[in-house]
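Asker: There's a structure below that I have some questions on.
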Amino acid sequence: MIRRHSRPSIRSRSVAEELLAASARRLLLETGMFTPPYDPWKVAEYLRIPIREVAMSASGVDGYVDYVDDWPAIVLNSDAPWMRRRFTLGHELAHALLMLRMKRDDGIKLGLKRYAHGTTPAVGSRSDPEEERLCDGFAAALLMPEGDVREYWRRRAITAQAIFECATFFEVSLFTACARSVKILPYSNASYWQRRPWPMTEWERGLSISRTVWDSLGEFVESVFAAYPQHSVTKSFDEFHLHADASVRGRDCLLLVVSRGTCESSQAVRPALSQKLTQEHLPGF
Ligand SMILES: [Zn+2]
């Protein structure tokens, strides 16, 4: 039998990812920032990348980076909330770093579409989803370095309230806190639910959850809303631990955190299960 060996493919995507993650770590060290919250403005200053803040709400744009005198310059939407501006700046800094790297043309081709035909993006070239993903990854690594996130969760149970506090601690949005935490902590999932229209998940990040479990999550969330004013509820379902907290963002939204039994942090949730959830608050559980 003849076996065909395909040539091992070198995924330039992962090279770009590595380069940006290493840059984020290096930049925090070089700017003397060792504890959260990290300041992306300080990084921009260090890189000598100018920032202009302009009201751009009408255009729906959070920020962009352009060349001014052959050097990247960032424009940020001054109307955007603080946490969002911080993340957007991190994201645009990654674009700027890629631009500078391509400008140097040091031979490392990162396989990004916008640079496919030269060292600067073609005028009017559309954004590349892969490049956008990389830039989001850089912003997350800059604002929530992996070591800090691990340290944060080392002694905490993954609950909705703890994720909310995590967002405050790192000065990031609830979405960023969830997305980054569940990426770093295996066996966890976070979803954000709206009460109306019902049932509706705004977003979900983490474990891929089976349809059966997902249906049960819906029922669970519905029960939590029905059980006002008892906002915060924890429940065990098969090997999953569920924790929902409607108080995280007002009465009509709810953050649900799911962790699997094997997750270290979920161990701490267990003792709370029997105490928190009572038949009188949530009949049927
Ligand atoms: Zn972008």
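None of the figures in this text is laboratory data; all of them are computed from the coordinates on show. Please read all numbers here as calculations on a predicted model, not as lab measurements.
Asker: Return the long-range amide H neighbours of F237 (sequence gap of 5 or more, or a different chain), with a cut-off of under 5 Å between placed amide H atoms.
Answerer: Amide H to amide H, under 5 Å and 5 or more residues apart or across chains, F237 pairs with L242.
Asker: Let me ask you something else. Residue by residue, what Karplus-based ³J(HN,Hα) values in Hz, rounded to whole numbers, does segment 147-152 have, using 6.51, -1.76 and 1.60 with θ = phi - 60° and x for Gly and Pro?
Answerer: Here the 3J(HN,Hα) series is x, 5, 5, 4, 4, 4 Hz.
Asker: Using Stokes-Einstein with the Kirkwood hydrodynamic radius over Cα pairs, what translational diffusion coefficient do you get for segment 32-111 at 20 °C and a viscosity of 1.002 mPa s, in µm²/s rounded to a whole number?
Answerer: Values: Rh = 13.5 Å.
Calculated translational D: 159 µm²/s.
Asker: Please turn the phi angles of segment 177-191 into ³J(HN,Hα) values with the Karplus equation 6.51 cos²θ - 1.76 cosθ + 1.60 (θ = phi - 60°), one per residue in order, whole Hz, x for glycine and proline.
Answerer: Listing the rounded values in order: 4, 5, 4, 6, 5, 6, 6, 7, 8, x, 6, 9, 8, 9, 9 Hz.
Asker: Sticking with this one: Once you sort the root eigenvalues of the Cα gyration tensor of segment 169-231 as a ≥ b ≥ c, which label holds: rounded (a/c under 1.5), prolate (a/b larger than b/c) or oblate (the other case)? Provide the component values of the computation, followed by the final result.
Answerer: Numbers: a/c = 2.14, a/b = 1.37, b/c = 1.57.
In terms of gyration-tensor shape, oblate.
Asker: For G63, what residues show an amide H to amide H distance below 5 Å, using hydrogens built from the backbone and excluding near sequence neighbours?
Answerer: N77
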